[in-house]
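Structure, as structure tokens:
Please treat every number below as a calculation from the coordinates, not as lab data. Bear in mind that the values here come from a model prediction, so they are computed numbers and not experimental data. FYI the Cβ positions are ideal-geometry reconstructions off the backbone, even for glycines, and counts take in every protein chain you see.
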Amino acid sequence: MRLGVFVSDYKLTVDTLDRLKAEKLGIIFVGNGVYHAALKEKDKPSPILEKSSNFYVLSEDLETRGFSSRDVDSRVKLINLSELVDLIFNDYEKLAWL
């Protein structure tokens with residue numbers, strides 16, 4: 001199964017994602033979840049970025065919170081709403097929201 005997971009909360013822990021099983025896992029940071037893609041705590045990126053996944057961040061949500069593409073971790077692909085729709089319809093057969 002190809003699973004796309006929307007992460008909209010910065011308080012989400014890796015434990016929640018570890019319970020998800022998928023042959024292809026895509027993590028899409030939206031809302032306050034974009035902080036996982038752009039912030040570091042004690043010079044370390046979010047532990048979520050250590051997972052074996054494809055990572056995406058919604059550019060509109062990132063910019064709303066005052067970040068730019070320069071702030072995004074290199075493992076995360078910056079996408080717009082049109083690209084998000086393409087991901088939903090072409091790359092992932094199931095979606096979850098955390």
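How much FRET efficiency would the formula 1/(1 + (r/R0)^6) give for ASN80 and ASN32, where r is the Cβ-Cβ distance and R0 is 25 Å, rounded to 0.05? Provide the component values of the computation, followed by the final result.
Numbers: r = 19 Å, r/R0 = 0.75.
Plugging the Cβ-Cβ distance into 1/(1 + (r/R0)^6) gives 0.85.
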Going by amide H atoms built from the backbone, whose H comes under 5 Å of the H on PHE6, apart from near neighbours?
ILE28, ALA96, TRP97, LEU98
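Once you've got the Cα coordinates, tell me which of LYS21/LYS42; LYS42/LYS77; LYS11/LYS44; LYS24/LYS77; LYS11/LYS77; LYS24/LYS44 are over 18 Å apart.
On the way: LYS21/LYS42 30 Å; LYS42/LYS77 23 Å; LYS11/LYS44 16 Å; LYS24/LYS77 16 Å; LYS11/LYS77 21 Å; LYS24/LYS44 25 Å.
Distance filter (> 18 Å) returns LYS21/LYS42; LYS42/LYS77; LYS11/LYS77; LYS24/LYS44.
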Report, as a whole number in µm² per second, the diffusion coefficient that Stokes-Einstein gives for region 22-73 at 10 °C and 1.306 mPa s using the Kirkwood radius over alpha carbon pairs.
140 µm²/s
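What FRET efficiency comes out for the pair GLU41/GLU93, r = Cβ-Cβ distance, R0 = 30 Å, nearest 0.05? List each step's numbers first, then the result.
Numbers: r = 34 Å, r/R0 = 1.12.
For GLU41 and GLU93, the calculated efficiency is 0.35.
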Note, ³J(HN,Hα) from phi for region 40-54, Karplus 6.51, -1.76, 1.60, rounded to Hz, x at Gly and Pro
10, 10, 6, 6, 10, x, 4, x, 4, 6, 7, 6, 8, 8, 9
Volume of the Cα convex hull of region 2-97, divided per residue and given in Å³
88 Å³
Under 5 Å between amide H atoms, partner at least 5 residues away or on a different chain: which partners does ALA22 have, H built in plane at 1.01 Å?
none
Could you work out the relative contact order of the chain? I mean the mean sequence separation of Cα pairs under 8 Å and 6+ apart, divided by the number of residues, in percent.
37 percent
